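Below you'll find the structure, written out as structure tokens, and then a few comments.
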Amino acid sequence: MGLIITLLIIWLVLSVLGFIIEGLLWLAFIALVLFAATAVWGWLKRNART
């Protein structure tokens, strides 16, 4: 579970940086997609354990 939280924080930081720095807008969109994918993956793994 710690790995998933770490990945979510990294994707969030990268997306914020992408939106702040105009030249890295592509980074923001990639980070948001990865954030969503990691959140879904973590949610599915959590539900599989219960």
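The values are calculated or read from the model by the stated rules, or taken from the named source; none is laboratory data. Because the structure is predicted, anything quoted here is derived from the model rather than measured. Reconstructed Cβ throughout: ideal geometry from the backbone, glycine too, with neighbour counts over all protein chains shown. We work out accessible area using only protein heavy atoms, side chains counted, and drop any ligands, DNA or RNA first. Shrake-Rupley method; radii C 1.70, N 1.55, O 1.52, S 1.80 Å.
Tabulated data for the structure shown
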{"read-out": "Leu24 being closer than 19 Å to Met1 by Cβ and without any contact (Cβ under 8 Å) to a residue 60 or more places away in the chain", "value": "no"}
{"read-out": "Condition check for Leu32: in contact (Cβ under 8 Å) with a residue 12 or more places away in the chain and either assigned to a helix (DSSP H, G or I) or open to solvent by less than 60 Å² (accessible area, probe 1.4 Å) (or both)", "value": "yes"}
{"read-out": "Single match in Gly18, Gly42, Gly23 (criterion: in a helix (DSSP H, G or I) and loosely packed, with under 11 Cβ neighbours inside 10 Å)", "value": "Gly23"}
{"read-out": "Residues located in the stretch 1-15, provided they are open to solvent by less than 70 Å² (accessible area, probe 1.4 Å) and touching a residue at least 24 places away in the same chain (Cβ under 8 Å)", "value": "Ile4, Leu7, Leu8, Trp11"}
